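The values are calculated or read from the model by the stated rules, or taken from the named source; none is laboratory data. Values in this document were obtained by computation on a predicted structure and should not be read as measured data. All Cβ positions, glycine included, derive from the backbone under ideal geometry; neighbour counts span all protein chains shown. Note: areas computed on protein heavy atoms with side chains; ligands, DNA, RNA excluded. Shrake-Rupley method; radii C 1.70, N 1.55, O 1.52, S 1.80 Å.
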Amino acid sequence: MRHEVTDADTAVRVGSGDVPVLATPRLIAWMEAATVRAAASGPRRSAAWWR
């Protein structure tokens, strides 16, 4: 996956800080999206399988 950081991704814009850097909530959302994508491309297993 590839993401380009824009003004909409900054802590100031997201409301998680007061400096124009990549917002932690945005980074976490990107990591979650990458995890979902990776899991979808692997063997089919539901969350219940891991219990």
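When all protein chains stay in place and ligands, DNA and RNA are ignored, the 1.4 Å accessible-area order of 18, 9, largest first, is 18, 9. Accessible area of residue 26 (1.4 Å probe, protein heavy atoms only, ligands and nucleic acids ignored): about 80 Å².
Distance between the pseudo-spin-label points of residue 28 and residue 13 (7 Å out from Cα toward the beta carbon): 2.0 nm.
Count charges around residue 13 for me, please; just the other residues with Cβ under 12 Å from its Cβ, Lys/Arg as +1, Asp/Glu as -1. The partial results should precede the final answer.
Numbers: positive: 26; negative: 7, 9, 18.
Counting the neighbours of residue 13, the net charge comes to -2.
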